[in-house]
2 protein chains.
Amino acid sequence: MKLKIETIRLDYINPFRISRNVTTSKENIIVKLSDGNITGLGEASADSFYGETNATVVQAVKKGFNLIKNEDPFELDRIYDILNKNLGSCRVAITALDIALHDLICKKLKMPVYKYYGLEPIKSKLTSFTIGIDTIPKIIEKTLEAKKYPYLKVKLGCKNDMDIAKAVMDNFKGKICFDANAGWTLNEAVKKISILAKYKPEFIEQPLPPVKVKDLKILKKHVRVPIIADESVVDRNDILPASEFADGINIKLAKCGGIREAFKMCVIAKSLGLKIMFGCRTESSILVTAAAHLGSMADYLDLDTNVLIKNDPYKGDVFDNGRITIIPGVPGLGVSKIK
Amino acid sequence: MKLKIETIRLDYINPFRISRNVTTSKENIIVKLSDGNITGLGEASADSFYGETNATVVQAVKKGFNLIKNEDPFELDRIYDILNKNLGSCRVAITALDIALHDLICKKLKMPVYKYYGLEPIKSKLTSFTIGIDTIPKIIEKTLEAKKYPYLKVKLGCKNDMDIAKAVMDNFKGKICFDANAGWTLNEAVKKISILAKYKPEFIEQPLPPVKVKDLKILKKHVRVPIIADESVVDRNDILPASEFADGINIKLAKCGGIREAFKMCVIAKSLGLKIMFGCRTESSILVTAAAHLGSMADYLDLDTNVLIKNDPYKGDVFDNGRITIIPGVPGLGVSKIK
């Protein structure tokens, strides 16, 4: 196998704010693994919350590639174990290599990734469209623009977030969920979730910081709205502990280690009676489409960042009015570069 | 797809006795699924303990086939859900169809089943060789014959089973495990396991009936030898409850629903910190080899019934002095009929 690394810059249509930061553009790492004439595509979206930078990602991808370049690319479990043991602190690099391997072997087999996993392709499956934190006039403007979508996810976790929630709900009648991105204290969460409950949200995502395990357990007893764990659940080892304070988990490929780990997490979460959500970071169509291939296993999809970007260099799944479709039958991820 | 059903009779070299029955021969159902020129092989080994007979199996296989014959055989999860919903009470029929589908699609892909699951083939991996319940002189004779094997599994759960254990251990110095096949009461189990502990067994399998959940939990607190749950764990839904009274689970393809269910059970069991054992019923090389393909995920193998049979019509994995090897690179299960 041969490795090629590139950097792409993704520019947001609107600056994107969550509880802990604001993003106007982001540089992601594209990983290309070639074997003969076939090339597999992978992507790394580093997140400083998990201690990742593009410099550490590039270093980890190179190190990982050197460890696996002579392995049989089909031995995904063995390769995952090697990468996990050696790049444990940079899961996003494992993800990029894992996705490129899946694209590569499924292109070799001339079958789509969803089919390789014994799954159906998703067809017009609902995804939430995200409204980032903003001023109230801007929130109203964004909500009116997003009226065409059946399902919104609203970012909270800031001082005036109850005003934001109200501004959205005054102008939107579809399904809704809220994401505090670990931005609340226990008391704040109890109070705010009781206010949000009247909007009958699908769920509240990560109300408290992941380190506040005790508080999360107390919170679960005080609220009736389902809680989805995001920052609290990185990989499969975090699912059983999270089942004590959450009703579901947010699986992100960029966070967990790739397609194979995400598939295993779905199997484990389902067996524990947890709901499954697929989320994303700032990602091009490579990462978003990779997640969408496993989409039939998810209860909730939140795979929309490629739509929030104005210069995605790739195209893959089809986003149409808040719904995602995987084009059936295309080998590998089915992602190609826009000319 | 086309379906063909056959019956084969497997004759034991020695009558095989466990706590609840004795077997001299057994009729299994062979399922053949053809698509074009390619045929996939599956097998059903009915067990009356789970309410299965060959008549119910044949009926269920036909019913299941009619429900899936026009499906894409690659959509294994969708097919499993259809079969599970409709043949829920006859898991052994689901297993036969699932294994035939795996053989079929992996032959189409020209890849072995282990490779399709991203796994390595097992190479000379230790399996236990089973000593059934018998008279003490016969136990001694069998143990001496089995001296060439590094690892024995001894069936207990009868009146004089401590004499059997002693007779084996007086004549054997290798690794050992014991299987009571749900044959003890709580008091009996506590007493007997404390005697067996001095032989330092790898584990004790299913000491109590699966319905005795409370007793199993009490037992776990009283013994230090690891407990493996067999009859208590049918499919993935039983793993979390079993984690409260067992250190590991015995996965049998004939019991759980096939290769796909077994793979998922391994993922779940590992995430709960449970050990994984692969076991078998009275089976030809079709069922035994199907399990061996996932063998790299198991901590303990007990895949030996094809060796206890004198007229196995099929050949698949290679059993050599208590060790199993999967021949690498052969498409599908790699099982063929002996001419």
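Here are the numbers for this structure:
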| item | result |
| --- | --- |
| Which listed residue, of B:ILE99, B:ILE94, B:ILE136, B:ILE79, is at pLDDT 95 or above, outside the structural domain of B:GLY36 (by TED's automatic domain parsing) and of a type in the set (Val, Ile, Thr) | B:ILE136 |
| Among the candidates B:ASP103, B:ASP81, B:ASP72, residue that is of a type in the set (Asp, Glu), assigned to a helix (DSSP H, G or I) and within 14 Å of chain A (Cβ to nearest Cβ) | B:ASP81 |
| Test: residue in segment B:307-317 that is among the acidic types (Asp, Glu) and either outside the structural domain of B:LYS155 (by TED's automatic domain parsing) or under 21 Å from B:PHE129 (Cα atoms) (or both) | yes |
| Test set (1) more than 14 Å from chain B (Cβ to nearest Cβ); (2) not in a loop (DSSP other than H, G, I, E, B) - A:GLY88 fails condition number | (2) |
| Qualifying residues in segment A:262-314 (those that are of a type in the set (D, E, K, R) and under 27 Å from A:LEU240 (Cβ atoms)) - the one modelled with the lowest pLDDT | A:ARG281 |
| Residue match in segment A:151-159 (condition: more than 22 Å from the chain's Cα centre (by Cα) and assigned to a helix (DSSP H, G or I)) | no |
| Hits in segment B:37-83 - residues which are of a type in the set (A, V, I, L, M) and under 29 Å from B:ASN306 (Cα atoms) | B:ILE38, B:LEU41, B:ALA44, B:ALA46, B:ALA55, B:VAL57, B:VAL58, B:ALA60, B:VAL61, B:LEU76, B:ILE79, B:LEU83 |
| Count of segment B:104-116 residues which are buried (at least 22 other Cβ atoms within 10 Å of the Cβ) and over 15 Å from B:GLY329 (Cβ atoms) | 2 |
| Some residue of segment B:137-146 being crowded, with 22+ Cβ neighbours inside 10 Å, assigned to a helix (DSSP H, G or I), more than 14 Å from chain A (Cβ to nearest Cβ) and among the polar types (S, T, N, Q) | no |
| Criterion: away from chain A (no Cβ under 14 Å), over 24 Å from the mean Cα position of the chain (by Cα) and surrounded by fewer than 20 Cβ atoms within 10 Å (Cβ to Cβ) - qualifying residue of B:LYS198, B:LYS220, B:LYS192, B:LYS212 | B:LYS198 |
| Residues of segment B:28-48 classified as farther than 14 Å from B:LEU101 by Cα and surrounded by 14 or more Cβ atoms within 10 Å (Cβ to Cβ), total | 5 |
| Search result, residues across segment A:169-189 that are part of a helix (DSSP H, G or I) and surrounded by fewer than 22 Cβ atoms within 10 Å (Cβ to Cβ) | A:MET169, A:ASP170, A:LEU186, A:ASN187, A:GLU188 |
| Cβ pairs under 7 Å, 6+ apart, first in segment B:78-89 and more than 16 Å from B:GLU52 (Cβ to Cβ), second acidic (Asp, Glu) and not in a helix (DSSP H, G or I) | B:ARG78/A:GLU120; B:ARG78/B:GLU71; B:ILE79/B:GLU71 |
| Restricting segment A:306-322 to residues that are touching a residue at least 40 places away in the same chain (Cβ under 8 Å) and in a helix (DSSP H, G or I), the residue that is surrounded by the fewest Cβ atoms within 10 Å (Cβ to Cβ) | A:VAL307 |
| Filter pass, A:LEU253 being surrounded by 17 or more Cβ atoms within 10 Å (Cβ to Cβ) and either within 14 Å of chain B (Cβ to nearest Cβ) or basic (Lys, Arg) (or both) | no |
| Residue ID - surrounded by the fewest Cβ atoms within 10 Å (Cβ to Cβ), chosen from residues in segment B:117-136 that are charged (D, E, K, R) and over 30 Å from A:ASP103 (Cα atoms) | B:LYS125 |
| Complete set of residues in segment B:323-338 that are in a loop (DSSP other than H, G, I, E, B) and either modelled with pLDDT under 95 or surrounded by fewer than 17 Cβ atoms within 10 Å (Cβ to Cβ) (or both) | B:ILE327, B:PRO328, B:GLY329, B:ILE338 |
| Residue in segment A:231-248 that is surrounded by 16 or more Cβ atoms within 10 Å (Cβ to Cβ), away from every other protein chain (no Cβ under 14 Å), in contact with a Leu (Cβ under 6 Å, 6 or more places away or on another chain) and farther than 21 Å from A:ARG91 by Cβ present | yes |
| Long-range neighbours under 7 Å by Cβ, at least six apart or interchain, first residue under 14 Å from A:MET265 (Cβ atoms) and within 10 Å of another protein chain (Cβ to nearest Cβ) within segment B:262-275, second of a type outside the set (A, V, I, L, M, F, W, C) and assigned to a loop (DSSP other than H, G, I, E, B) | B:LEU272/B:SER243 |
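Okay, residues lined up against (1) among the polar types (S, T, N, Q); (2) assigned by TED's automatic domain parsing to the domain that holds A:LEU287; (3) over 30 Å from A:ASN21 (Cα atoms):
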| position | (1), (2), (3) |
| --- | --- |
| A:LYS123 | no, yes, yes |
| A:THR127 | yes, yes, no |
| A:GLU145 | no, yes, no |
| A:PRO150 | no, yes, no |
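The values are calculated or read from the model by the stated rules, or taken from the named source; none is laboratory data. Since the structure is predicted, the reported quantities are computational estimates derived from the model, not experimental observations. All Cβ positions, glycine included, derive from the backbone under ideal geometry; neighbour counts span all protein chains shown.
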